Amino acid sequence: MSDTVLMTIGRYLLGLYFLIPGVMKIVAWNMHIDMMTELDIPAAPALLMIATIAEIIAGLMLITGRFVRFGALGLALLIIVINVMMHGFWNMEADIKPHEMQNFIKNLGIMAGLLVLAAASPKRKLSLSGIWKADPKTDP
């Protein structure tokens with residue numbers, strides 16, 4: 001399988017990994033607010049809205065091959081925030097600490113994939129000019 005095909009499949013899968021949960025946050029909005037409130041996260045509705053929009057838009061960027069580098073770096077930053085706020089195993093009770101540590105480390109692996117994708121994607125100016133053109137080297 002060629003590198004381009006592998007990159008495209010990986011890009012689609014990473015995009016879906018964020019797009020689907022972004023949509024599910026809308027479907028189960030109150031459940032997510034309750035989880036965040038239980039963790040004493042301030043301004044839960046506003047932060048959930050930001051995370052939802054970021055996951056949907058950046059996920060679509062990866063899937064469509066538009067502004068891949070920007071989308072991947074944005075999602076990597078989002079993972080850092082989510083890991084600290086939602087999966088801070090160092091502050092949790094002993095019974096859930098292993099599970100949250102596993103989520104924290106899994107998210108670091110996802111972040112590693114996003115950083116590799118960002119590094120492999122060409123730099124592109126953020127402008128409306130050519131917005132519908134795919135980034136070079138991201139489509140087969």
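A few comments on the model shown:
- Mean shadow area of the chain over all directions, Cα convex hull, nm²: 9.4
- This ranking places Asp95, Asp3 by how few other beta-carbon atoms lie within 10 Å of each, fewest first, which gives Asp95, Asp3.
- Per-residue extension of 0.36 nm, minus the Cα-Cα distance of Ile53 and Ile33, leaves a gain of 5.7 nm for this segment.
- Exposure proxy ranking for Thr4, Thr64, based on other Cβ atoms within 10 angstrom of each Cβ and starting from the fewest, stands as Thr4, Thr64.
- The mean sequence separation of alpha-carbon pairs under 8 Å and at least six residues apart, normalised by the residue count of the chain, gives a relative contact order of 30 percent.
- FRET efficiency estimate (nearest 0.05) - Cβ-Cβ, Val5 to Ile80, R0 30 angstrom: 0.50
Every number in this text was worked out from the coordinates using simple rules, so none of it is lab data. Being a predicted model, the structure only gives us computed values, none of them experimental. Counting neighbours? That spans all protein chains shown, and the Cβs are built from the backbone with ideal geometry, glycine included.
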